[in-house]
Structures are given as structure tokens and as C-alpha cells.
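One structure below.
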Amino acid sequence: MLAGQARADFAEGLAAYDGGDYYAAYLAWLPLAKAGDGDAQAAIADLYRSRLLGEPVSAIAARRDDNGAAWWYGRAARCGHVVAQLNLGDFFARGIGVEQDLVQAYLWLGLAARRGREWASNRQREVAAGMTAEQIAEGQGLIADWRPDPACPG
């Protein structure tokens with residue numbers, strides 16, 4: 001019953017999003033995201049990333065949105081959400097919303113790549129081209145040892 005209600009709430013957010021009411025979508029998805037729903041977390045991150053929750057007219061506002069996107073992608077990625085892992089990896093590679101960290105980029109892109117995301121695999125190779133052998137080995141070790149956060153639902 002609860003899963004069905006969560007899907008209904010997510011669908012309500014999608015309807016609001018499709019109708020251009022991004023704040024209503026955010027409000028529909030926020031309780032789900034706080035409860036650990038990876039799809040809702042990634043959707044909220046996308047709202048921030050796309051700058052749909054406000055009107056950033058300054059570098060400070062844009063940085064706030066980037067930080068919000070990275071934070072929500074991080075929550076979903078740590079629970080195993082593959083699209084969030086891919087996006088978080090790219091954020092680490094570019095230093096968007098987080099400090100640039102090629103090892104973390106390699107980790108998150110590698111996790112998405114091993115789940116069949118070709119773009120992540122290609123991006124991981126691009127990132128690796130700028131890394132030392134030691135950094136790549138560290139990233140490979142992180143991938144091998146990675147487990148979803150035990151606090152994640154499911």
C-alpha cells in the first residue's frame with residue numbers, strides 16, 4: 001500500500017513538472033526524497049541542476065543550485081540509483097557543486113558503467129586519461145569495495 005502511494009505521489013510530481021509547475025513538483029517529491037526514494041531524489045537534483053526552482057541571477061544563486069543538485073544526487077547515488085551515480089560522477093569530474101575529485105568521479109562513473117550505462121563508461125575513460133596510475137588503482141578499489149549505504153531503504 002505504501003509503495004503504491006509513493007508512486008502516486010511521484011506521479012503527481014511528474015504531472016506538475018510536465019505542466020511547468022516545478023515548485024509543485026518539488027513539493028510532491030520532497031517527502032519521498034527525504035524518505036529515501038532514489039527517483040524522487042534524482043528528480044529534485046534535476047530541478048536544481050536545470051535551475052528550475054528559482055531564477056538564478058547571480059553566481060551565488062547558481063552555485064546554490066549546483067550544490068543542491070550535487071547533494072541530492074549524492075543521496076541517491078549512495079543508495080545505488082544509477083542515473084544519480086552517473087550525474088554525480090560527472091559533477092566530481094567537472095567540479096560542479098562539489099570540489100573536483102577525479103577519484104570520486106572515477107568511482108561514481110564506474111558504478112554506473114558496470115550497470116550498463118555506456119555514456120558513463122565513455123566518460124570514465126575520459127576522466128581516467130587525466131589521472132595517475134595510483135589514482136586509477138584507488139578508484140578501482142573503491143568500485144570493488146562499494147556497497148549501498150546501509151541507511152538506504154529497501
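On the protein heavy atoms, probe 1.4 angstrom, tell me the percent of accessible surface of region 42-110 carried by carbon and sulfur.
Here carbon and sulfur together make up 49 percent of the probe-accessible area.
If contacts are Cα pairs under 8 angstrom and at least 6 residues apart, what is the relative contact order of region 55-126 in percent?
23
Using only the alpha-carbon atoms of region 55-112 as identical scatterers, what base-10 log of I(q)/I(0) does the Debye formula give at q = 0.22, 0.24 Å⁻¹?
Computed log10 I(q)/I(0) values: -0.74, -0.84.
Tell me, what is the 1.4 Å probe accessible area of LEU14, in Å² to the nearest 10?
Estimated to the nearest 10 Å², LEU14 gives 80 Å².
Tell me, what is the percent relative contact order of the chain, built from C-alpha pairs under 8 Å that lie six or more residues apart?
After rounding, I find 15 percent.
For a quick size check, give me the Cα extents of the chain along its three principal axes, largest first, whole Å.
47, 42, 25
How big is the accessible area of ILE136 in square angstrom, nearest 10, if you roll a 1.4 angstrom probe over the protein chains?
Counting only protein heavy atoms, ILE136 exposes about 40 Å² to solvent.
Only Lys, Arg, Asp and Glu count, each charged at its Cβ (+1, +1, -1, -1), so figure out the dipole size of the chain about its Cα centre, rounded to 20 debye.
Charge dipole of the chain: 180 debye, to the nearest 20.
In a Gaussian network model over the chain where Cα atoms closer than 10 Å are linked, find which of ALA43, ALA144, ALA93 has the largest mean-square fluctuation.
Among ALA43, ALA144, ALA93, the largest GNM mean-square fluctuation belongs to ALA144.
Based on the Cβ-Cβ distance from ASP18 to ALA137, what FRET efficiency comes out when R0 is 35 Å, to the nearest 0.05?
With a Förster radius of 35 Å, E is 0.20.
Quick one: which of 29-41, 118-130 comes out on top by average Cβ neighbours within 10 Å, and what's the full order, highest first?
So the peptides 29-41, 118-130, ranked by packing, come out 29-41, 118-130.
The values are calculated or read from the model by the stated rules, or taken from the named source; none is laboratory data. Bear in mind the structure is a predicted one, so any value in this text is a computation, not a measurement. Every residue, glycine as well, gets a Cβ built from its backbone with ideal geometry; the counts of neighbours run over all protein chains shown. Just the protein is used for accessible areas: all its heavy atoms, side chains included, with ligands, DNA and RNA removed. Shrake-Rupley method; radii C 1.70, N 1.55, O 1.52, S 1.80 Å.
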